[in-house]
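The values are calculated or read from the model by the stated rules, or taken from the named source; none is laboratory data. No experiment lies behind these values; they were computed from the predicted model shown. No Cβ is skipped: glycine too gets one built from the backbone with ideal geometry, and neighbour counts run over all protein chains shown.
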Amino acid sequence: MTQNAMQHAVRQTKIERARRMTLDERLAAGAQLYAQQCELVADLIAGLHPDWTTDQVRDEMKRRWKVARERDAKRLYRAGGVEMQDERS
């Protein structure tokens, strides 16, 4: 089995599993994914700034989420490192 075929099979398995989930299970999975994402971002920031305190890392996370929310609200997206206006409206 090629790597591409294996990736496709894994993706299909995940899709089928998600389709069988109840709404409560989906909501719980979403909350878990969000918590994991927060942990990953905190670990990334802490790795970039090993001298920072936990509070400083948390403040930087908040700043980054704020920037992302503002960018999304303005419908600005990055494509290939170039900022562009979203043409949906």
Could you look through the range 18-33, keep only residues that are loosely packed, with under 10 Cβ neighbours inside 10 Å and of a type in the set (Lys, Arg), and pick out the one that is nearest to the chain's Cα centre (by Cα)?
Arg19
Unmet criterion (only one of (1) modelled with pLDDT under 95; (2) surrounded by fewer than 12 Cβ atoms within 10 Å (Cβ to Cβ)) for Asp55:
(1)
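Say we look at the range 1-55 and pick out the residues that are among the hydroxyl-bearing types (Ser, Thr, Tyr) and in a helix (DSSP H, G or I); which of these is farthest from Trp65 (Cα to Cα)?
Step one: of the range 1-55, the residues among the hydroxyl-bearing types (Ser, Thr, Tyr) are 2, 13, 22, 34, 53-54.
From what's left, in a helix (DSSP H, G or I): 13, 34, 54.
Working: Thr13: 31, Tyr34: 12, Thr54: 17 Å.
Top of the filtered list is Thr13.
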